[in-house]
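The values are calculated or read from the model by the stated rules, or taken from the named source; none is laboratory data. Predicted model only: the values in this text are computed from it and were never measured. Using ideal geometry, Cβ is built from the backbone for each residue, glycine included, and neighbour counts are taken over all protein chains shown. Surface areas here come from the heavy atoms of the whole protein model, side chains and all, with no ligands, DNA or RNA. Shrake-Rupley method; radii C 1.70, N 1.55, O 1.52, S 1.80 Å.
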Amino acid sequence: MVICLGIESTAHTFSVGILKNKEILADARKTFTTLTGGMIPIEVQKHHYECKDEVLVQALEQSKINLEEIDFIAYSASPGLATSLKVGCEFAKELSEKWNKPLVAVNHIIGHLEEGKFFTEAKDPVFVFVSGANTQIIAHEGGKYRVFGEALSIAVGNLFDKFARELDIGFPGGPRIEQLALNGSYVQLPYVVKGMDVEFSGILTKCKQLYKKGISKENLCFSLQETAYSMLVEVTERALAHCNKNEVLVIGGVAASKRFCSMLEIMCKERDAKFYACPMKYSGDNGIQIAIAGMKMFKVKQGLVSNLVADFDPSLRVDKIETKWI
Ligand code: AMP
Ligand code: MG
């Protein structure tokens with residue numbers, strides 16, 4: 001029996017998850033939100049500093065275990081906002097030192113990927129990783145998770161969050177845009193796919209211009225979603241063919257979009273591939289994903305760091321990491 005305490009702190013969410021082998025004992029989270037404006041890194045950091053102890057206490061209460069019973073601590077060490085990562089890293093080091101527990105540094109993207117497999121039947125899928133900061137089409141090849149296509153400038157979640165900011169409908173933008181889109185119809189927007197990569201910044205600029213010209217929020221939200229999702233479905237289909245895989249697994253906060261999931265599902269049906277989505281509850285950032293990945297790494301002695309030198313890296317890419325556990 002192995003018990004892992006996972007700490008997530010790469011962006012808006014501070015979370016502690018506790019995993020006992022494959023059983024979830026606790027999942028405590030606090031997420032920074034705002035009704036106006038966006039995510040200001042220093043404000044998010046303050047949020048994390050203020051809630052970290054409370055989130056830990058909540059997780060321990062849910063799990064009905066105490067810190068002595070934990071075998072090791074896993075923390076999200078990359079990539080993300082430096083200000084947010086710092087809080088989780090410091091907290092993990094502090095707990096590791098105080099309770100004399102080994103520390104495992106986990107890449108947050110690996111957390112999303114392994115969590116997707118944990119919660120579905122997918123074995124070796126093409127991952128469609130769509131979150132606030134990342135948009136990547138990933139598959140496992142040659143001992144690493146490789147990035148086959150990605151957003152060249154802003155991520156799809158960030159596209160929604162930025163446009164929501166323009167519309168002054170608060171953060172996170174995705175769910176609010178999804179609501180407004182229900183009553184919209186199509187206006188033409190730039191559709192930019194370059195090989196396996198997608199480019200969203202032109203769409204954002206165009207949406208801002210059209211909004212100023214008086215096109216309704218509803219029509220723009222609808223068209224924004226349809227265009228961005230169509231681009232992503234196109235590159236996912238190409239990745240399936242290129243990698244010769246027959247499963248698609250969508251992960252990250254934007255996987256909560258019903259429209260996106262239904263578009264991917266249609267494409268999969270047409271190609272005889274299986275479609276999986278990470279359950280909505282676990283599609284966003286959480287400590288359980290860090291514990292799931294940490295558990296796999298711990299078993300093959302990967303990512304172990306001394307609490308004296310443990311650090312974080314805001315920009316470490318997933319394709320730099322050898323996956324010894326696969
Ligand atoms: P993550 O960074 O993985 O936690 O995901 C957060 C991102 O998911 C934010 O950019 C949100 O706007 C986006 N998001 C959340 N729910 C939805 C939704 N229903 N439709 C589209 N985007 C969403
Ligand atoms: Mg994330």
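What's the number of the condition ALA105 fails, among (1) outside any loop (DSSP other than H, G, I, E, B); (2) not assigned by TED's automatic domain parsing to the domain that holds GLN302?
Here ALA105 meets the rest and fails (2).
Can you pull out the residues in the stretch 235-291 that are polar (S, T, N, Q) and touching a residue at least 60 places away in the same chain (Cβ under 8 Å)?
Of all residues in the stretch 235-291, those polar (S, T, N, Q) come to 236, 244, 246, 257, 262, 283, 286, 289.
Hits for the stretch 235-291 are THR236, SER257, ASN286, GLN289.
Select from the stretch 241-254 the residues that are closer than 9 Å to PRO125 by Cβ and away from ligand 2 (no atom under 16 Å from the Cβ) and write down the one among them that is most open to solvent (accessible area, probe 1.4 Å).
It comes out as ASN246.
Being at pLDDT 95 or above, within 16 Å of ligand 2 (Cβ to nearest atom) and not assigned by TED's automatic domain parsing to the domain that holds ASP313 is the requirement here; does THR135 meet it? Write out each step before concluding.
On the way: at pLDDT 95 or above: yes; within 16 Å of ligand 2 (Cβ to nearest atom): yes; not assigned by TED's automatic domain parsing to the domain that holds ASP313: yes.
In short, yes.
Counting just the residues of the stretch 269-278 that are modelled with pLDDT of 95 or more and outside any strand (DSSP E or B), which one comes out surrounded by the most Cβ atoms within 10 Å (Cβ to Cβ)? Break it down stepwise before answering.
First, the residues of the stretch 269-278 that are modelled with pLDDT of 95 or more: 269-277.
Okay, now just the ones that are also outside any strand (DSSP E or B), so 269-273.
Details: LYS269: 11, GLU270: 9, ARG271: 15, ASP272: 7, ALA273: 20.
Filtering the stretch 269-278 for residues that are modelled with pLDDT of 95 or more and outside any strand (DSSP E or B), the one surrounded by the most Cβ atoms within 10 Å (Cβ to Cβ) comes out as ALA273.
Taking the stretch 38-54 only, how many residues are open to solvent by less than 30 Å² (accessible area, probe 1.4 Å) and touching a residue at least 60 places away in the same chain (Cβ under 8 Å)?
Total meeting the criteria: 1.
Which fully enclosed helices (runs of 4 or more DSSP H) of the stretch 121-219 have 3 or more residues being without any contact (Cβ under 8 Å) to a residue 60 or more places away in the chain and surrounded by fewer than 16 Cβ atoms within 10 Å (Cβ to Cβ)?
Values: elements: 156-167, 173-181, 201-212.
Counting at least 3 such residues, we get 201-212.
With respect to ILE266, determine if the residue is under 30 Å from LEU189 (Cβ atoms), among the β-branched types (Val, Ile, Thr) and open to solvent by 10 Å² or more (accessible area, probe 1.4 Å). Talk me through it step by step, then tell me what you get.
Numbers: under 30 Å from LEU189 (Cβ atoms): yes; among the β-branched types (Val, Ile, Thr): yes; open to solvent by 10 Å² or more (accessible area, probe 1.4 Å): yes.
For ILE266, the condition - under 30 Å from LEU189 (Cβ atoms), among the β-branched types (Val, Ile, Thr) and open to solvent by 10 Å² or more (accessible area, probe 1.4 Å) - is met.
Quick one: which of SER84, SER76, SER96 is closer than 23 Å to HIS112 by Cβ and in a helix (DSSP H, G or I)?
Values: SER76 fails: in a helix (DSSP H, G or I); SER96 fails: closer than 23 Å to HIS112 by Cβ.
Criteria check complete, one pass: SER84.
Looking at the stretch 62-82 only, could you name the residues that are touching a strand residue (DSSP E or B) at 6+ places or on another chain (Cβ under 8 Å) and either over 23 Å from VAL305 (Cβ atoms) or not assigned by TED's automatic domain parsing to the domain that holds SER315 (or both)? Walk me through how you get there before you give the answer.
Pass one, the stretch 62-82, residues touching a strand residue (DSSP E or B) at 6+ places or on another chain (Cβ under 8 Å): 62-65, 67, 69-79.
Of everything in the stretch 62-82, those that are touching a strand residue (DSSP E or B) at 6+ places or on another chain (Cβ under 8 Å) and either over 23 Å from VAL305 (Cβ atoms) or not assigned by TED's automatic domain parsing to the domain that holds SER315 (or both) turn out to be GLN62, SER63, LYS64, ILE65.
For LEU35, state whether it is open to solvent by less than 30 Å² (accessible area, probe 1.4 Å) and either in contact with a Phe, Trp or Tyr (Cβ under 9 Å, 6 or more places away or on another chain) or not assigned by TED's automatic domain parsing to the domain that holds PHE298 (or both). Talk me through it step by step, then tell me what you get.
Details: open to solvent by less than 30 Å² (accessible area, probe 1.4 Å): no; either in contact with a Phe, Trp or Tyr (Cβ under 9 Å, 6 or more places away or on another chain) or not assigned by TED's automatic domain parsing to the domain that holds PHE298 (or both): yes.
Considered against the rule, which asks whether it is open to solvent by less than 30 Å² (accessible area, probe 1.4 Å) and either in contact with a Phe, Trp or Tyr (Cβ under 9 Å, 6 or more places away or on another chain) or not assigned by TED's automatic domain parsing to the domain that holds PHE298 (or both), LEU35 comes out as no.
Among the numbered criteria (1) more than 21 Å from the chain's Cα centre (by Cα); (2) more than 17 Å from PHE127 (Cα to Cα); (3) not small (Gly, Ala, Ser), which one does ARG238 miss?
(2)
For the stretch 93-111, which residues satisfy the criterion of being under 23 Å from GLU322 (Cα atoms), away from ligand 1 (no atom under 16 Å from the Cβ) and open to solvent by less than 10 Å² (accessible area, probe 1.4 Å)? Give the steps one after another, and end with the answer.
Just the residues of the stretch 93-111 that are under 23 Å from GLU322 (Cα atoms), to begin with: 102-111.
Cutting the leftovers down to away from ligand 1 (no atom under 16 Å from the Cβ) gives us 102-105.
Hits for the stretch 93-111 are LEU103, VAL104.
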